[in-house]
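Input: a single structure, listed below in structure tokens.
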Amino acid sequence: MISGGSTDGDSNRARKASSRKECLEIDGKGGNEPVISFGPEDLRGVSLPHNDALVIQARVANYDVLRVFVDNGSFVNVIFKEALIQMDLYEYQLEAVETALFGFAGHAVYPEGEITLPLTLGTGDLRKTVMTIFTVVDAPSSCNITLGRPAMNELRAVASTYHQKIKFPIRGRVGEVRGDQPSSRRFYGETVRVDQKRARREEKGKKESRTEEVAEERELHFVAEEEQETVEIKPGKHIRVARDINAPTRVNLLNCLKAKINVFAWSQQELAGISPQVTEHKLNILSGSRPVKQKKRHFDPEKDKVIDEQVGELLRAGHIREVQFPTWLSNVVLVPKATGKWRMCVNFRDLNKACPKDCYPLPRIDQLVDSTSGCELLSFLDAYQGYHQIPLAHEDQDKASFITFGGTFCYVVMPFGFKNARATYQRLMNHVFQKQIGRNIEVYVDDILIKT
């Protein structure tokens, strides 16, 4: 069952108001509506026995659309983004939708928006057209359109999966549309394959996540929080040092840090950055990719304040600049931190889809952890605002644009959220520490471990 969307309102207040509406009672008398029924004659041409879904052909906005899946369990009518692009209708202004769609397992999918298009069923004199609201979804699917209850109720249509047919009243008569069984069976097979691939990817992601969690636990085991103490090496500058270090080593370590304190950055303004001659991040957007400008997402005043503060910090640090007439435009997203504060991210999903994958390999975390066994002293360094130290190629800066209530901005450095950002950073670190990696340093993206 698909629920959500804006069918019964796009807010809690609107949905509550919809649920309070009084229903009109129909006594069933009068009127000239024909009786809709299904009989043995409707099975002519249907392969029996079967468990096929009802997949039909419909005419939408003067396009004959195949693989239209009739789903009485859907609260909304769905048209998939890829189909809308092939119909040359994606450039039309979409109405914003705030409410996510939820599937049977509760997974949320945020729509791209809504579009109203004419939907026509039937043939000849028994053809019926209604203006239908479709929710645009960017997701892999074997069908082009899902007709839910809103369209079926608007058409006053009755569907029978057993008879592979839809019937609807039209000018005192009954129109009908027959399902396409061969297409339905191909649709089912492709859907299963797509879902199996998605399940394998998710399971692989969970395994990698579990591996990383185990590795992090093993790393933290070397110096647990309760085994550390905070030491001030300069007024306002603090580090954490293990309690069990012997006195001579501790003195030498602190003296070294105090002497070399100028090599550490304590704020964004202190970051020198990497020269473009050493490395810079390039998008390499695939030729023929159509730029996408996401419609601005609205936030409440409290979140707007957080966004404004973080945008101000990025401007002062020189990591972003204002931009006019960007070709690509993305929305900001606020993600809660473990501390309860908010982190501002940018939804570069559409831009990432247009970029090829950089296959530069990342180290295996379990091997890095194993390589530290037997070392007497370990130092953990975290690159401060690591990604922001790498410049973004000038020709790609306007593509890394985002919109807030305060204007439009673009990154001049490599932002978090880019598809190949980790590969670019790992390549840089391997270049910088090529003589030390494996000997006295291990590096995973922006985490550096010095072993003695």
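The values are calculated or read from the model by the stated rules, or taken from the named source; none is laboratory data. This is a predicted model, so every value here is computed, not measured. Note: ideal-geometry Cβ built from the backbone for every residue, glycine included; neighbour counts use all protein chains shown. Note: accessible area is taken over every heavy atom of the protein model, side chains too, but ligands, DNA and RNA are not part of it. Shrake-Rupley method; radii C 1.70, N 1.55, O 1.52, S 1.80 Å.
Quick look at the values:
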item: Dipole of the chain [Lys/Arg +1, Asp/Glu -1 at C-beta], most positive-end residue of MET131, ILE261, GLY312; result: MET131
item: Selection from CYS359, GLN228, PHE38, by position along the positive dipole direction of the chain (Cβ); result: PHE38
item: Rounded, prolate or oblate (a/c below 1.5 giving rounded, otherwise prolate when a/b exceeds b/c) for segment 234-339 by Cα gyration tensor; result: prolate
item: Gyration tensor verdict on segment 321-452 (Cα atoms; rounded if a/c is under 1.5, prolate if a/b is larger than b/c, oblate otherwise); result: prolate
item: Cβ charges +1 (Lys, Arg) and -1 (Asp, Glu), total dipole of segment 395-444, debye; result: 280
item: Within the accessible area of the chain (1.4 Å probe), percent carbon and sulfur; result: 51
item: J(HN,Hα) series, segment 65-71, from Karplus relation 6.51 cos²θ - 1.76 cosθ + 1.60, nearest Hz, glycine and proline x; result: 10, 8, 6, 9, 8, 8, 10
item: In Å², nearest 10: area of ASP358 left accessible to a 1.4 Å probe; result: 40
item: Sorted largest first, extent of segment 249-290 alpha carbons per principal axis (Å); result: 61, 22, 19
item: Rounded, prolate or oblate (a/c below 1.5 giving rounded, otherwise prolate when a/b exceeds b/c) for segment 277-327 by Cα gyration tensor; result: oblate
item: Lys/Arg +1, Asp/Glu -1 at C-beta; the chain dipole; positive extreme among PHE418, ASN77, TYR162; result: TYR162
item: Cα-centred dipole magnitude for segment 62-155, charges only on beta-carbon of K, R (+1) and D, E (-1), debye, nearest 20; result: 340
item: Answer label for Cα Rg over 2.2 N^0.38 Å (calculated), chosen among (i) 0.99; (ii) 1.10; (iii) 1.30; result: (iii)
item: Accessible area per residue, Å², the chain with all protein chains present, probe 1.4 Å; result: 60
item: Probe 1.4 Å - accessible area at ARG200, Å² to nearest ten; result: 150
item: Cα centre as origin, Lys/Arg/Asp/Glu Cβ charges: segment 346-452 dipole, Debye; result: 240
item: SER74 long-range amide H proximity, modeled H, under 5 Å; result: ILE2, ARG149
item: Computed [θ] at 222 nm, deg cm²/dmol, the chain (DSSP H ≥ 4; -39,500 (n - 2.57); rounded to nearest 500); result: -8000 deg cm²/dmol
